[in-house]
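Remarks on the structure that follows.
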Amino acid sequence: MATKSNSKRRPADNPFRVQRHPSIRYATGSALTAFAKRLAALHHRAALVGPHGTGKTTLREDLERHYLRLGWRIVRLAFHPHTWPPWNAWGAVLAAPRDRTLVTVDGVEQLPRPLWRLLRSVRRGPLLVTSHHDCGLPVLHRHTTDSTVLQQIVEALGGPRALDYDALWAKHDGNIRSCLLDCYDRWATGAL
């Protein structure tokens, strides 16, 4: 019996599959070193601020790897809608030493304000958070995107040059992650 697999594109061949996204980093080399120096100047207590899909988590991950290479310990919490870390993760944050231990919190805007204020006041050592809005910590970097950034990422993943990047970027309100998911779907259907 013949299959239709020959007429369909395989998901594993899709250049926009999620597994390829980590190959696109927010900062490398001297740019990453500059972010780390600025974070150090802020006494390692700062926020990465910007809308959905603009690279906050990617930069946080890049900085975590940088500090791990320097011998630091990383303790992380991640908050997403309807998903909170397990309670033992909170204990790890509260017990984390101040010296050479960077606590990172992804999605701090998901926390009720009183809980965020409590965490911020209890955790006196190094703290790096991602947030959609200013959250009471100095801003290490305010994330923004434009269609040029989208084009660079799509082309780095092997996407076409001939694409209306301005329209795609506007369609998803500047959310690069959503744009890449759109490209994934377009590639899967043969539209790219």
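The values are calculated or read from the model by the stated rules, or taken from the named source; none is laboratory data. Owing to the predicted nature of the structure, the values given are computational and were not obtained by experimental measurement. Glycine also receives a Cβ, built like all others from the backbone with ideal geometry; neighbour counts cover every protein chain displayed. To get the accessible areas, we keep the full protein, side chains included, count just its heavy atoms, and leave off ligands, DNA and RNA. Shrake-Rupley method; radii C 1.70, N 1.55, O 1.52, S 1.80 Å.
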Evaluate the charge dipole of the range 1-157 about its Cα centre and quote only its size in Debye, nearest 20, assuming +1 on the Cβ of each Lys and Arg and -1 on the Cβ of each Asp and Glu. 280 debye
Using 0.36 nm times the number of residues separating Ala191 and Ala162, minus their current alpha carbon distance, what extension gain do you get? 9.2 nm
Could you do me a favour and compute the accessible area per residue for the chain, 1.4 Å probe, result in Å²? 56 Å²
Do you know the relative contact order of the chain, to the nearest whole percent, from alpha carbon pairs under 8 angstrom that are 6+ apart? 31 percent
Could you give the nm distance between label points at Arg9 and His133, where each point is 7 Å from its Cα heading toward the beta carbon? 3.9 nm
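Restricting to DSSP H runs of at least four residues, report the calculated mean residue ellipticity at 222 nm for the chain, -39500 (n - 2.57) per run over all residues, nearest 500 deg cm²/dmol. List each step's numbers first, then the result.
Details: 7 runs with 77 residues, N = 192.
The helix-only estimate for the chain comes to -12000 deg cm²/dmol at 222 nm.
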Got a number for the accessible area of Leu192? Probe 1.4 Å, square angstrom, nearest 10. 40 Å²
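Just the number, please: percent antiparallel of the DSSP beta bridges in the chain, rounded to the nearest 5. Before the final figure, lay out each step's value.
Details: 1 of 18 bridges.
DSSP beta bridges in the chain are roughly 5 percent antiparallel.
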Under the 7 Å Cα-to-Cβ spin-label approximation, Glu109 and Arg38 lie apart by a distance in nanometres of 1.9 nm
Helix 176-189 sits off the longest principal axis of the Cα atoms of the chain, rounded to the nearest 10 on a 0 to 90 degree scale, by 20 degrees
Take the Cα of Gln152, step 7 Å along the line toward its Cβ, and report every residue of the range 19-38 whose backbone nitrogen sits under 14 Å from that point. 24-32
Taking the structure as given and computing log10 I(q)/I(0) by the Debye sum over Cα atoms at q = 0.14, 0.18 Å⁻¹, which label from (i) -0.93, -1.12; (ii) -0.85, -1.19; (iii) -0.96, -1.41 fits? (ii)
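Which trypsin sites (Lys or Arg not before Pro) does the range 83-174 hold that lie in a coil by DSSP with at most 16 other beta carbons within 10 Å?
Working: sites: Arg98, Arg100, Arg117, Arg120, Arg123, Arg124, Arg142, Arg161, Lys171; in loops: Arg98, Arg100, Arg123, Arg124, Arg161.
Passing both the DSSP loop test and the Cβ count: Arg98, Arg100, Arg124, Arg161.
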